[in-house]
């Protein structure tokens with residue numbers, strides 16, 4: 001893992017925490033098919049690639065949940081109808097702090113990591129927490145309490 005310190009904070013790069021095994025699906029996969037593949041891999045998102053549409057999208061467990069909650073049929077609804085296309089892309093050289101800040105600002109829990117115009121991986125909030133927890137265990141430190149405002 002590539003780590004360095006800045007002002008006492010351990011900086012970990014996205015490339016050290018991201019999953020480089022990314023589930024990719026097509027736009028015509030049904031939500032049930034996507035859910036089955038995501039469940040089998042124990043992941044919360046799939047990258048949607050449409051050969052007839054420039055760019056990529058992401059389908060998350062939240063997208064599937066929202067569709068089912070709205071009473072839509074997961075065997076009839078397609079990934080193309082529920083994917084998010086307006087994505088924030090990350091570089092593998094971003095720090096986890098930069099990734100977390102982008103996620104909080106954008107209100108999402110997954111970042112598609114792109115390198116040389118190709119999908120290099122996927123980073124989730126869970127990945128960030130796992131990395132930070134592992135880094136703290138290695139350092140022998142305990143997490144600092146979050147500052148609260150009244």
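The values are calculated or read from the model by the stated rules, or taken from the named source; none is laboratory data. Computed from a predicted model, the values in this text were never measured in an experiment. Counting neighbours? That spans all protein chains shown, and the Cβs are built from the backbone with ideal geometry, glycine included.
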Yes/no for residue 88 being at pLDDT below 95 and in contact with a helix residue (DSSP H, G or I) (Cβ under 7 Å, 6 or more places away or on another chain):
yes
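For segment 99-124, which residues satisfy the criterion of being in a helix (DSSP H, G or I) and without any contact (Cβ under 8 Å) to a residue 40 or more places away in the chain?
The answer is 100, 101, 102, 103, 104, 105, 106.
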Residue hits (segment 80-115; loosely packed, with under 15 Cβ neighbours inside 10 Å and more than 15 Å from residue 18 (Cβ to Cβ)) are 81, 85, 86, 101, 104, 105, 106, 107
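For residues that are within 24 Å of residue 132 (Cβ to Cβ) and surrounded by 15 or more Cβ atoms within 10 Å (Cβ to Cβ), tally how many sit in segment 39-72.
7
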